[in-house]
Amino acid sequence: MVKELDSQIRPDVDTSNPIYQFWTLLNTKRGTVPLFRDIGIDARIIDKPINVIENVIQAELTQQVKKYIPEIEIINILSQYIETGLSIKAKIEVIT
């Protein structure tokens with residue numbers, strides 16, 4: 001199942017759902033989860049150019065998905081600045 005996900009729009013809360021887990025990963029700043037300090041996106045990238053941000057986010061999320069949510073495969077990541085901050089749109093596939 002291929003799903004498009006926007007970091008600004010929360011899916012239904014179901015902690016066992018890989019889509020919700022991925023959305024949580026998109027919205028977590030690295031270093032804020034006790035005992036799992038490597039989960040999330042490094043907040044220092046916000047000041048970098050958008051093309052650098054997309055590459056860094058793609059690499060970080062790919063690594064973390066392999067480690068924490070292996071039932072998801074990332075197809076594409078798009079980033080853009082909006083009024084409320086950084087918006088990340090991801091196209092993912094849930095492997096069943």
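The values are calculated or read from the model by the stated rules, or taken from the named source; none is laboratory data. Note that this is a predicted model, so its numbers are computed, not measured. Virtual Cβ from ideal backbone geometry, glycine too; neighbours counted across all protein chains shown. With ligands, DNA and RNA removed, areas are computed over all heavy atoms of the protein, side chains included. Shrake-Rupley method; radii C 1.70, N 1.55, O 1.52, S 1.80 Å.
Comparison of 51, 55 shows that the only residue that is open to solvent by 90 Å² or more (accessible area, probe 1.4 Å), free of Cβ contacts under 8 Å to residues at least 12 places away in the same chain and within 13 Å of the chain's Cα centre (by Cα) is 55.
Residues that are part of a helix (DSSP H, G or I), farther than 17 Å from residue 9 by Cβ and open to solvent by less than 30 Å² (accessible area, probe 1.4 Å) are absent from the stretch 21-42. Select from the stretch 4-20 the residues that are of a type outside the set (A, V, I, L, M) and assigned to a loop (DSSP other than H, G, I, E, B) and list them in ascending order. Listed by number, the residues that qualify are 7, 8, 10, 11, 12, 14, 15, 16, 17. Of everything in the stretch 58-95 that is modelled with pLDDT under 80 and among the hydroxyl-bearing types (Ser, Thr, Tyr), the residue that is surrounded by the most Cβ atoms within 10 Å (Cβ to Cβ) is 81. The residue that is least open to solvent (accessible area, probe 1.4 Å), counting only those in the stretch 1-20 that are farther than 17 Å from residue 89 by Cβ and among the charged types (D, E, K, R), is 14.
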